[in-house]
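Trainee: Pasting a structure here, questions to come.
The values are calculated or read from the model by the stated rules, or taken from the named source; none is laboratory data. Keep in mind that what you see is a predicted model, and the values were worked out from it rather than measured. Don't worry about glycine lacking a Cβ; one is built from the backbone with ideal geometry, like all the others, and counts go over all protein chains shown. Just the protein is used for accessible areas: all its heavy atoms, side chains included, with ligands, DNA and RNA removed. Shrake-Rupley method; radii C 1.70, N 1.55, O 1.52, S 1.80 Å.
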Amino acid sequence: MPQNQFQRMMFALITVVITVHGYVFYSLYVINGSYFSSIEGATSVISGINIQGGVYAFGHYLPIWAVILIEFCLAYTLENLLGSPCSFKLACKVFNPAETHHMIFETAIICATVGIMCPAMSFLAAWMYYPYYARFSIVTLFANWLKLVCFNFPFAYFSQLFFIQPLVRTIFKAIFVREKQTESKPQPAAAPDYIITVGREFCSGGAETARKLAEKLGYKYVDKELIDRTAWELGMLPEYVEQKEEKPSGYFDIPPHWVISSGWYSDNNLTMSDNMKIVNAQRQIIRDYADQSGVVIVGRTADQILQGYPNVLSVFFHADEDKRIQRCQELSSCDKDQAQKAIREMDHLRSDYYHTITGKKWGSENNYDMYLDLGELSSDEAIEQIIDRIHHTES
């Protein structure tokens, strides 16, 4: 399954390419094949279409390639804006993705996607293939839409479930598994053995600075990638992990830190909440990254998880509230009150999460090796101080 936004878009692209060609074939050969073959002088469906002057769409006769291109653009847009996000939410209303076998949950997503996309695309097709040479009637349009839904739904359901999606997954794995196996590990420019953990206040500029630091050192940058890898290992979807991550929905979703550290609340505990499964998985993934050289890890209490590891440098970025409010307004185009509310809510959320997991105060200067003010320092100046600290420690 896709593990990031680029892979999700590529997955949708492969799906739509195969689906559109399948639907055009279904429409021209299965549904309308006898009509095209019966055109005077036609010896096949294609020859009948050519004699007619193309496929009738939008009141004109268009070549088949133009019809495929139009349907592809419409289907790809709908899939990304409507099909993918809504089908996941619908599937979650029926099944808990953390407790359901991934094949069953994926089947639920396919069914939900067909239930959304088939009526939507059929409605667009009703407009596209409406007989504009006759007087337009909304009743006729509606009747054509229902007719297309009845024709398309059985084909959509069975083709997606038993042919198209298995084929798409096979192609996707062939492309991206090979890519994952052959991608080379970034070669650090300096201090290859360092692991830098980054905590940051919301809208302080800490995540952006951490990314620039990783680029300058040639280190691997780990932030949203943790969501994708966690989802992969737990058999959950990234959207679900992101929804749950650092957002416990109830008091018992994440137990106190002393329970976690005791080892009692392990993966063998059947009462474990989804939030705790995610916390446990991310703790192990962070340790896996720490076994590599040259990595910048953002958030997720990595500074405490990696205590005792050699060559770990923990950094916390902060800034005064006024500058953070100004930055939040610039990034999200909100007013001052909305920005202040968002900052305080996010800080409260991170503080609660950090204290619950570690038993320590989030943002306390005593918890970190470096405590940098991005209100006083520019991003580049902060990076230089971190690099100087690394070089000083090495010497």
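Trainee: Out of segment 148-167, which residues are free of Cβ contacts under 8 Å to residues at least 12 places away in the same chain and more than 32 Å from the chain's Cα centre (by Cα)?
Mentor: CYS150
Every residue, every condition in (1) open to solvent by less than 60 Å² (accessible area, probe 1.4 Å); (2) farther than 18 Å from TYR132 by Cβ, yes or no:
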position: ILE14; (1), (2): yes, yes
position: GLU40; (1), (2): no, yes
position: PHE58; (1), (2): no, no
position: TRP65; (1), (2): no, yes
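Trainee: Name the pairs whose Cβ atoms lie under 7 Å apart, with the first residue in segment 328-345 and within 10 Å of CYS203 (Cα to Cα), the second open to solvent by 100 Å² or more (accessible area, probe 1.4 Å) and modelled with pLDDT of 85 or more, and 6 or more positions between them or separate chains?
Mentor: Correct list of pairs: GLN329/LYS336.
Trainee: How many residues are under 16 Å from LEU217 (Cα atoms) and either surrounded by 19 or more Cβ atoms within 10 Å (Cβ to Cβ) or among the acidic types (Asp, Glu) (or both) if we restrict to segment 291-309?
Mentor: Here the count works out to 5.
Trainee: For segment 370-395, which residues satisfy the criterion of being of a type in the set (Ser, Thr, Tyr) and surrounded by fewer than 12 Cβ atoms within 10 Å (Cβ to Cβ)?
Mentor: Answer for segment 370-395, where residues must be of a type in the set (Ser, Thr, Tyr) and surrounded by fewer than 12 Cβ atoms within 10 Å (Cβ to Cβ): SER378, SER395.
Trainee: Return the total of residues in segment 327-366 being basic (Lys, Arg) and open to solvent by 100 Å² or more (accessible area, probe 1.4 Å). Give the derivation first.
Mentor: Initially, segment 327-366 is screened for residues basic (Lys, Arg), giving 327, 336, 341, 344, 350, 360-361.
If we keep only those that are open to solvent by 100 Å² or more (accessible area, probe 1.4 Å) too, we end up with 336, 341, 344, 361.
Qualifying residue count for the region: 4.
Trainee: Still on this model: Pairs under 7 Å by beta carbon, first residue closer than 17 Å to ALA210 by Cβ in segment 276-303, partner polar (S, T, N, Q) and open to solvent by 20 Å² or more (accessible area, probe 1.4 Å), six or more apart or different chains?
Mentor: As it stands, the answer is THR301/THR358; ASP303/ASN367, since those pairs meet every condition given.
Trainee: Somewhere in segment 151-162, is a residue within 22 Å of HIS60 (Cβ to Cβ), of a type in the set (A, V, I, L, M, F, W, C), assigned to a helix (DSSP H, G or I) and open to solvent by 60 Å² or more (accessible area, probe 1.4 Å)?
Mentor: No, segment 151-162 contains no residue that is within 22 Å of HIS60 (Cβ to Cβ), of a type in the set (A, V, I, L, M, F, W, C), assigned to a helix (DSSP H, G or I) and open to solvent by 60 Å² or more (accessible area, probe 1.4 Å).
Trainee: What number goes with the only condition from (1) under 11 Å from GLY199 (Cβ atoms); (2) out of contact with any Phe, Trp or Tyr (no Cβ under 9 Å at 6 or more places or on another chain); (3) of a type outside the set (S, T, N, Q) that ASP337 does not pass?
Mentor: Failed condition: (1).
Trainee: Given the options LEU349, LEU374, name the one that is in contact with a Gly (Cβ under 6 Å, 6 or more places away or on another chain) and not aromatic (Phe, Trp, Tyr).
Mentor: Answer to the selection: LEU374.
Trainee: How about segment 304-332: which of its residues are assigned to a loop (DSSP other than H, G, I, E, B) and more than 21 Å from GLY294 (Cβ to Cβ)?
Mentor: Result: ALA319, ASP320.
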